[in-house]
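We did not get these values from a lab; they are worked out from the coordinates using the rules stated. These numbers come from a predicted model, not from an experiment. Glycine also receives a Cβ, built like all others from the backbone with ideal geometry; neighbour counts cover every protein chain displayed.
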Amino acid sequence: MTETKEQVRGTREQALKRRQMQRKQALRRRRRILIASMIAIVVAIVLLVVLIVRSLGKHGDETAFTLQEDGSVTFEEVVEFDSATYNKAEMKKAVKERVNAYHGSGSVKLDSVSASKGKAYATITYDSVATYSEFTGYTAFCGTIADAREAGYTFDLTFEEVAEGHIGEIVSASDVVSDENRKVLILQENVVVHLPGDVDYITTNGINVRDAKTVEIVPVNENTDAAVAAYIIY
């Protein structure tokens, strides 16, 4: 049986309506996907801004010496600050003037200085351990064991082995220096030390191991004004 013109026209109109409905549904799906994507982007941007703001205001709660992979030093100092006795603006000015007055062989950069809740915070970056020593006057050296010996440092000391952040047995100095290419940090200052590699050996004179890459040089006999030269092999 052949279809009449009206039947053919009706079939075409139904097909056209279906196609139009499918297009509308596809457009709705695209709008929903677009809106969801825009919301996700906005949320990501907000989270990023929050993280940036938090990081800008963040500082450590203890004095720390961080040795970076490139040999530079980031020193974060935290000291008591009596705002009733001292002026914040004068304190900040004094720190900036001291850094700006340095005209040694290295580079010293003041990253931040602030005071809040009875504490003063200053973060300074030094291009090397040698520059840190020159600027502060503290004994500090970093290099290979061979370099340290050439610089006049002696290794006739008692060492402890460190593995995965835990102190092990006492070892002889000859075992420690058997590989003169090992890196050593020598520091005479009571401070927390963060290293770019795992600690292998430490001298037994007042060093606490916090984790595989962090140690704390502590006062001897609780005398905070005295510090011994700590050797950290990593």
Once you have the Cα-Cα distance between Glu62 and Lys109, take 0.36 nm times their residue separation minus that, and quote the gain in nm to one decimal. 14.9 nm
So which GluC sites (Glu not before Pro) in the stretch 151-210 end up in coil per DSSP with only 11 or fewer other C-beta atoms within 10 Å? Glu164
Going through Lys88/Lys109; Lys93/Lys213; Lys93/Lys117; Lys96/Lys183 one by one, the pairs whose alpha carbons sit over 31 Å apart turn out to be Lys93/Lys213; Lys96/Lys183
How high is the relative contact order of the stretch 97-188? Use alpha-carbon pairs under 8 Å, at least six apart in sequence, and give a whole percent. 23
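Averaging sequence separations of C-alpha pairs under 8 Å and six or more residues apart, then dividing by the length of the stretch 138-234, give the relative contact order as a whole percent.
31
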Taking the dipole about the Cα centre of the stretch 96-234, with the C-beta of Lys and Arg at +1 and of Asp and Glu at -1, give me whichever of Tyr153, Thr125, Val209 is farthest to the positive side. Thr125
In terms of modelled amide H atoms, which long-range or inter-chain residues lie less than 5 Å from the amide H of Val193? Phe65, Val215, Glu216, Ile217
